[in-house]
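The values are calculated or read from the model by the stated rules, or taken from the named source; none is laboratory data. All values derive from a computational prediction rather than experimental measurement. With ideal geometry, Cβ positions are generated from the backbone for all residues, glycine too; neighbour counts draw on all protein chains shown. Each accessible area value is taken on the protein alone, full model and side chains, heavy atoms only, with ligands, DNA and RNA left out. Shrake-Rupley method; radii C 1.70, N 1.55, O 1.52, S 1.80 Å.
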Amino acid sequence: MSPIHYVTLSVILFVIGGVGVLVRRNAIVVFMCIELMLNACNLAFVAFARLHGNLDGQVIAFFVMVVAAAEVVVGLAILMAIFRARRSASVDDANLLKY
Amino acid sequence: MSHILAAAPSGTNTDSIAVATIFWILAVISVGAALAMILVRRAVHCAIMLAVVMLCLATMYAMQGAPFLAFVQIIVYTGAVLMLFLFVIMLIGISSSDSVVETIKGQRAAAGLAAIGLFVILILGIGHAAIGPAARTTAANNVDNLTGLARLIFTTYVFPFEVTGALLITAAVGAMVLAHRERTTPKPTQRDLAARRLASGHLAPDPSPGVYALHDAADRPALLPDGSTSELSVSQTLAPRDPYEETPPVRPELPASATTEAES
Amino acid sequence: MTTLHTVVATGALKLSWLLLAFPLFGAVVLLLGGRRTNRWGHLLGVAMPVAALVYGLIAFFALLGDTHRSQDQHLYTFIQVGRLTVPMGLQVDQLSISFVLLITGVGSLIHIYSVGYMANDPQRRRFFGYMNLFLAAMLLLVLSDNYLGLYIGWEGVGLASYLLIGFYQYRNTAAVAAKKAFIANRVGDAGLTLAIFLMFSEFGTVTFTGVFGSVGSGGSGVATALGLLLLLGACGKSAQVPLQSWLLDAMEGPTPVSALIHAATMVTAGVYLLVRSNPILALTPTARLAITVVGAVTLLFGAIIGCAKDDIKKALAGSTMSQIGYMTLAAGLGPAGYVFAIAHLLAHGFFKAGLFLGAGSVMHGMNDEVNMRKYGGLARLLPVTYVTFALGYLAIIGIPPFSGFFTKDPIIEAAFDKGGTSGAILGTCAVIGAAITAFYMSRVMLMTWYGKRRWSGEAESGEPHESTEPGAEHAGAPHPHESPATMIWPMILLAVGSVGAGAFLILGQRYEDFLGPVTGFPPTSHGIWSVSGVVTLILVLLAAGLAWVRYGRVPVPAVAPPGRPLTVAARKDLYGDAFNESVLMRPGQWLTRLSVFFDNRGVDGLVNTLAAAVGGTSGRVRKLQTGFVRSYALSMFFGAAVLVALLLVVRL
């Protein structure tokens, strides 16, 4: 399959992940949708690496994975702290910036 | 399978039927799983769907000549990160589910609109871009995947590598700080715990689950399945006692200092 | 043509500033000294005008020897800014010395009279302070050698008039009348101010010598403009039409004020201004015609008003307005009339002041009652006052050999001499005015001094114009009695002037020769009797007879009967106030209301609309901040889409 198919698939997954972020209210589900978007980007990177014939895209995808892992760690720790304080995991509860 | 994995960088049409079939199947599965992920109610189900997507993607990495990345995806991403998600779901509420009603007016419509818009724009961009067939590998890259990656990471990308390491350390420390809970009461010392145990009158630990014994003293014989005692279970030096005899609990005199330390 | 040369003052005339210093010193001491000076304040107040009079006589005799020269005394440089240099100097010539003698002479007599008239007023010291202030300002007005100094004096007498009309501060009518006088004067002052501006811009100087020397080079347009602006100023100060409305209300002040300021001196300042500016007027027949028209209209105006007034002071005020109309008419006739205008002014000063002091004496005896319908038959009870009043009456209506006959007739003759239709009309107006004067003055005489006694025994109440000055001697029923000596003697001396001043000035062209070098000599010289003089005299006698028929033979009703339309109009000052109100005041009010409306709605509305728009916009825009993370995520998503689109657009 030519890389364009992979890139198209990556776009579809990315958009689906974006919609998930906007529509879901549970914080953990939102986080998982963000992970989906990151994975879609990884797929695109790997497809471009194959397109250009070198491994730079794979290295970048590798780093993205590492950073995503670190991000998940911290994000979930934050989520835990918030849950302990407020007993709710809904993103709509943090609306103190409301006019 | 390895020839499929190794053949991908050359970009030839050999094995393309198999590759195409696998790709299309995996693509449908992954898109379906992604859609399911954003539509199901319970968080655990979302996690399962995400795992499905990740596995499909791992396979696609493998098909594109990135075996190292495929395994890292499975081991690290699906195996560690997603499990972390599941742990947090367990801690927070396994049955926490969103209601179907949308609280923000027009959010779904706007999200759909934005999604369609972005999709169209990106597809247009990709369509216009010059994406040709896969390129041939050059001589420098004609080593196997792991060596090539290692070479890149430790030469060209060594600085991001080091920074990412620092990031990981920071993330770990940050997580510890965030999840830490200060004790509001002093930690009970061993003396406190021992005093508490004595005060409760419950000196020995409870039997583990599945144990039907009423007592576990050394001078009480064990029961056989038909209800009789087994003399072999008591040591010769001890006098066996009636297994059904009830003894009153021992409650020694406690000094005053012990009781004050006995907090929960 | 003036043949006057200006020299620096020498000898006794070097001290001409004393004329200003004496009354100014008196005013300063009395007004700043306060209650401490109450015991001797009136004595100082009388001494200062007398001292000024003494010096005035000295200066007069010093001047007599040399009538072709004007003695100038430069005091100091008042203003020196850029091109404008205004000296503060005094100029003593025949015109100014005539006024000085009139002001200080009649002024001293009225000051002495006031000692007795205001004897029961605790504010007497303040009264003398203001009177001295007035004298100082009036003397500055007539002695100044430049228009700006004249203007300072002009404003000073306006101020003193305001203070004195409103002397009875507790009375609302007095305060309103003072304000009205000041404002009407101010309108005229605008004319004088513009004239001074014009002089400076055209000629670069405001001194008399400078302006009169260069007025020829300005062209007739400038001269006409100056003449009309000076006429406007004179109208305000002298209560000529159209700025005449304040004079009758000014009678709210104490009677000595009416006598001095509103009969003899301040109201004549306008005539002084016009006569002093004769080189300017010589170049502009238009302005002179306007002056004569104003004079003729005013003399009829005042005469008609005077016929319908029951308040004795207001009747005399109407008479003043009319007589000054004569002077203005004469001043507009050019050199033929200047001398007679001033001569009539001097004579009028005597007999009008005498009439006012007599009225004050009657009020003093009648418990401050001013309504003539409550008088009657006072001749026996106030004999001296009656005689002096009668002499003044004969003088004013122009019976020979009293003053008025000698001074009024030359004016009528000069009017006819002007020739053409204008001359005939003016002369006819003057003759008719003389007849009406005789009518209303005879009415005053008959109602006050003859007939049955019409006052009642109990105290008056509910009278619209009753002047209740504080500390009136007799509260309750009036007991008419002759006034004390301090009041009698000034009246007697003024009566002497009423009798003889006219003859003294006119016979043998004495005053013509005296004043001629300043104003120009009258071209033709008439004898004592002329055709117009005889006709006037006959009409005067007929009018006096008519007055006797209406008021002498028939008892005077106690309440004013409803009159014919002309009478009603005359009682309302010939609708002068109504005219001012509808033409000036109401449009002014509407204009201010329009400005306020525009300010509130337009300017404020604009600003408030802007503020409201900002507030409203922010109120709506802030709703974008829902506080929901997902809304922000949505905008980020849109932003990302826009960014990608832009990138594509740029690269394509």
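Examine region B:243-250 for a residue that is at pLDDT below 80 and surrounded by 14 or more Cβ atoms within 10 Å (Cβ to Cβ), and state whether such a residue exists. Checked against the condition, which is being at pLDDT below 80 and surrounded by 14 or more Cβ atoms within 10 Å (Cβ to Cβ), region B:243-250 yields at least one hit.
If you check B:Ala114 against the conditions, is it among the small types (Gly, Ala, Ser), more than 7 Å from chain A (Cβ to nearest Cβ) and closer than 28 Å to A:Asp93 by Cβ? Criteria met by B:Ala114.
Among the conditions (1) of a type outside the set (A, V, I, L, M, F, W, C); (2) open to solvent by less than 10 Å² (accessible area, probe 1.4 Å); (3) modelled with pLDDT under 90, the only one that C:Pro256 does not satisfy is (3).
For the structure I just gave you, tell me whether A:Phe83 is farther than 20 Å from B:Val52 by Cβ, away from chain C (no Cβ under 14 Å) and at pLDDT 90 or above. Spelling it out, it is not the case that A:Phe83 is farther than 20 Å from B:Val52 by Cβ, away from chain C (no Cβ under 14 Å) and at pLDDT 90 or above. Note on region B:185-213: residues that are part of a helix (DSSP H, G or I) and open to solvent by 100 Å² or more (accessible area, probe 1.4 Å) amount to 3. Restricted to region C:287-316, and to residues there that are open to solvent by 20 Å² or more (accessible area, probe 1.4 Å) and among the aliphatic types (A, V, I, L, M), the residue that is farthest from C:Val257 (Cα to Cα) is C:Leu289. Exactly one residue out of C:Arg571, C:Arg620 is over 30 Å from C:Leu316 (Cα atoms) and not small (Gly, Ala, Ser), and it is C:Arg620. For region C:27-76, name all the residues that are assigned to a strand (DSSP E or B) and open to solvent by 70 Å² or more (accessible area, probe 1.4 Å). Correct list: C:Arg69, C:His74, C:Tyr76.
In the set (1) farther than 19 Å from C:Met447 by Cβ; (2) open to solvent by 70 Å² or more (accessible area, probe 1.4 Å), the condition left unmet by C:Arg553 is number (1). Taking region B:55-79 as the range and being surrounded by fewer than 23 Cβ atoms within 10 Å (Cβ to Cβ) and at the interface with chain A (Cβ under 7 Å from one of its Cβ atoms) as the test, the residues that pass are B:Val72, B:Val76. Listed by position, the helices (runs of 4 or more DSSP H) contained in region C:556-613 that have at least 1 residues being among the hydroxyl-bearing types (Ser, Thr, Tyr) and surrounded by 11 or more Cβ atoms within 10 Å (Cβ to Cβ) are C:565-571, C:586-597.
Among the residues of region B:177-184, some residue qualifies, meaning at least one is in a helix (DSSP H, G or I) and either at pLDDT below 85 or under 30 Å from B:Ala66 (Cα atoms) (or both).
Scanning region C:476-495 for residues that are in a helix (DSSP H, G or I) and closer than 13 Å to C:Leu357 by Cβ yields C:Thr486, C:Met487, C:Ile488, C:Trp489, C:Pro490, C:Met491, C:Ile492, C:Leu493, C:Leu494, C:Ala495. If you filter region A:9-41 down to residues that are at the interface with chain B (Cβ under 7 Å from one of its Cβ atoms) and of a type in the set (S, T, N, Q), you find that the one that is nearest to B:Tyr61 (Cα to Cα) is A:Asn39. Checked against (1) modelled with pLDDT under 90; (2) over 30 Å from B:Asp144 (Cβ atoms), B:Gln64 passes all but a single condition, namely (2). Can you name the residue in region B:50-90 that is β-branched (Val, Ile, Thr) and in contact (Cβ under 8 Å) with a residue 24 or more places away in the chain and is also farthest from B:Ile22 (Cα to Cα) among such residues? The residue in question is B:Ile89. Residue pairs whose Cβ atoms lie under 7 Å apart, separated by 6 or more positions or on different chains, with the first residue in region B:141-163 and crowded, with 17+ Cβ neighbours inside 10 Å and the second of a type in the set (S, T, N, Q), are B:Asn141/A:Asn54; B:Gly148/B:Asn141; B:Leu149/A:Gln58.
Looking only at residues of region C:323-350 that are open to solvent by 10 Å² or more (accessible area, probe 1.4 Å) and in a helix (DSSP H, G or I), we find that the one that is nearest to C:Thr407 (Cα to Cα) is C:Phe340.
Just to be sure, is A:Val64 touching a Leu at 6+ places or on another chain (Cβ under 8 Å), farther than 26 Å from B:Leu113 by Cβ and more than 7 Å from chain B (Cβ to nearest Cβ)? Yes, satisfied.
Taking region C:245-322 and the helices (runs of 4 or more DSSP H) fully enclosed by it, the elements with 3 or more residues that are free of Cβ contacts under 8 Å to residues at least 60 places away in the same chain and over 17 Å from C:Gly354 (Cβ atoms) are at C:285-308.
Screening A:Gly57 against (1) open to solvent by 30 Å² or more (accessible area, probe 1.4 Å); (2) more than 7 Å from chain B (Cβ to nearest Cβ); (3) over 14 Å from the mean Cα position of the chain (by Cα); (4) not hydrophobic (A, V, I, L, M, F, W, C) leaves a single unmet condition, (1). In region B:214-235, the residues that are surrounded by fewer than 12 Cβ atoms within 10 Å (Cβ to Cβ) reach residues that are polar (S, T, N, Q) and not in a strand (DSSP E or B) with C-beta atoms within less than 8 angstrom, at least six apart or across chains, in these pairs: B:Ala218/B:Ser235. For C:Leu624, the criteria (1) away from chain A (no Cβ under 14 Å); (2) loosely packed, with under 11 Cβ neighbours inside 10 Å hold in every case but one, which is (1). State yes or no: is A:Val74 open to solvent by 20 Å² or more (accessible area, probe 1.4 Å) and not basic (Lys, Arg)? Against the criterion (open to solvent by 20 Å² or more (accessible area, probe 1.4 Å) and not basic (Lys, Arg)), A:Val74 qualifies. Can you spot a residue in region C:2-19 that is under 27 Å from the mean Cα position of the chain (by Cα) and at pLDDT below 85? The answer is yes, given that some residue of region C:2-19 is under 27 Å from the mean Cα position of the chain (by Cα) and at pLDDT below 85. The residues in region A:34-52 that are open to solvent by 10 Å² or more (accessible area, probe 1.4 Å) and not charged (D, E, K, R) can be counted, and the count is 9.
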